[in-house]
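The values are calculated or read from the model by the stated rules, or taken from the named source; none is laboratory data. It should be emphasised that the depicted structure is a prediction, and the values quoted were computed from it without experimental measurement. Methodologically, a virtual Cβ is constructed for each residue, glycine included, from the backbone with ideal geometry; neighbour enumeration extends over all protein chains shown. These accessible areas exclude ligands, DNA and RNA; they are computed on the full protein's heavy atoms, side chains included. Shrake-Rupley method; radii C 1.70, N 1.55, O 1.52, S 1.80 Å.
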Amino acid sequence: MAERADGNGRGAAFALDTKVIGHRGAAAYAPENTLAGLREAGRRGCRWVEIDVRLTRDGVPVLMHDPALERTTSGRGELNTHDAASVARLDAGGWFGESFRDEPPPRLEEALDLLGELGLKVNLEVKPTMGSARAKAEAVGRTLRADRRRREVVRVISSFSEEILEGLRELLPEVPRGLLLRRPEGDWPAALRRLRCASVHLWHGALEPEVIATARREGVKVLAFTVNSPERARELFALGVDAVITDVPDRIAEVAVSQ
Ligand code: G3P
Ligand code: MG
């Protein structure tokens, strides 16, 4: 019989106590992956956020979605060719709005400390491109191991990279893992089992009823990204999706409560 993700064999239990997760903070309202964005998510009623993590050249985990700095910061080139000290001097808010100018890209530890103060939980996504999977798993593992309060803020670590999830399974077995998929291709149920994942996080357009049924049989939670239409969120909740990741958490919360 298949082991289940409920703490009885398939990895750590996943305490998912929300249906709405703010994407990159609250990406429609404040610059993504910044402390200002996390505060905005809290103000908009979020209890959970999703953030993206990458490493600097000197191996420091920081919040950043793209491998390159240009779109969301005042910097140039790839993030992993810059040390953390110079990344901390970049402006990651001015592109979004004048009132956010000089908001720096935060280190993961700063973000977790703020989330702890705000009482928010996080789905921490570790980005796959640029740099070794092992180095990323080790750096995230070190950051979380160093402080119990920081670790408790992290309810699930997700990644498109099976290698990163494999490293995290070994280094941080007590933190639930989520497999990210744009589409349910290949033998994804086998990957969930192999990596002992507690959840699968799918692009919402690929969420057919049979995909959800398969996930249920595997005993994992189903999260959908990135859902900015309340109508679509309502459909997904009706299909049995456990939570949606959204740039507009306040708008989605309105339909989540009526489910
Ligand atoms: O974690 C869900 C979602 O954030 C994955 O896509 O590109 O927005 O990080 P992306
Ligand atoms: Mg993400």
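Restricting attention to the range 20-256, close to 15% of DSSP beta bridges with both partner residues there are antiparallel. Net charge dipole, the chain: roughly 520 debye, given to the nearest 20, about the Cα centre with Cβ charges of +1 for Lys and Arg and -1 for Asp and Glu.
Based on Cα contacts under 8 Å between residues 6+ apart, the range 85-125 shows a relative contact order of 28 percent.
Here the range 118-170 is assigned +1 on the Cβ of each Lys and Arg and -1 on the Cβ of each Asp and Glu. Its dipole about the Cα centre then comes out at about 340 debye.
Dipole of the range 20-256 (Lys/Arg Cβ +1, Asp/Glu Cβ -1, origin at the Cα centre): which of Ser199, Leu118, Thr226 lies farthest to the positive side? Value: Ser199.
Farthest toward the positive end of the dipole of the range 20-256, out of Ile252, Leu79, Leu165, is the Cα of Leu165, where the dipole comes from beta carbon charges about the Cα centre. Share of carbon and sulfur in the accessible area of the chain stands at 47%, probe radius 1.4 Å.
Entry note, the range 20-256: relative contact order of 19 percent, from Cα contacts under 8 Å with a spacing of 6+ residues.
Average projection, convex hull of the Cα set of the range 129-254: 8.3 square nanometres. For the range 64-108, compute Rh as the Kirkwood radius over C-alpha pairs and then the Stokes-Einstein diffusion coefficient at 10 °C and 1.306 mPa s; write the answer in µm²/s, rounded to an integer. The calculation lands on 153 µm²/s. Ranked by the mean number of other Cβ atoms within 10 Å of their residues, highest first, the peptides 140-148, 105-113 fall in the order 105-113, 140-148.
Globularity index of the range 20-256 is 0.96 (Cα radius of gyration / 2.2 N^0.38 Å, N = number of residues). From the Cα gyration tensor of the range 15-64, with a ≥ b ≥ c the square roots of its eigenvalues, which class applies: rounded if a/c is under 1.5, or else prolate if a/b is larger than b/c, or else oblate? Here the range 15-64 falls in the oblate category.
How big is the dipole moment of the range 55-139 about its Cα centre under a simple scheme where the beta carbon of each Lys and Arg is +1, that of each Asp and Glu is -1, and everything else is neutral? Debye, nearest 20, please.
280 debye
Candidates Ala26, Gly178, Gly97 compared by Cα position along the dipole of the chain: farthest toward the positive end lies Gly178, with charges placed on Cβ. Obtain the radius of gyration and the Kirkwood radius of the range 6-156 from its C-alpha atoms and give Rg over Rh. Rg/Rh for the range 6-156 comes to 0.96. Applying the criteria of a DSSP loop state and at most 16 other Cβ atoms within 10 Å to the GluC sites (Glu not before Pro) of the range 58-106 yields Glu70.
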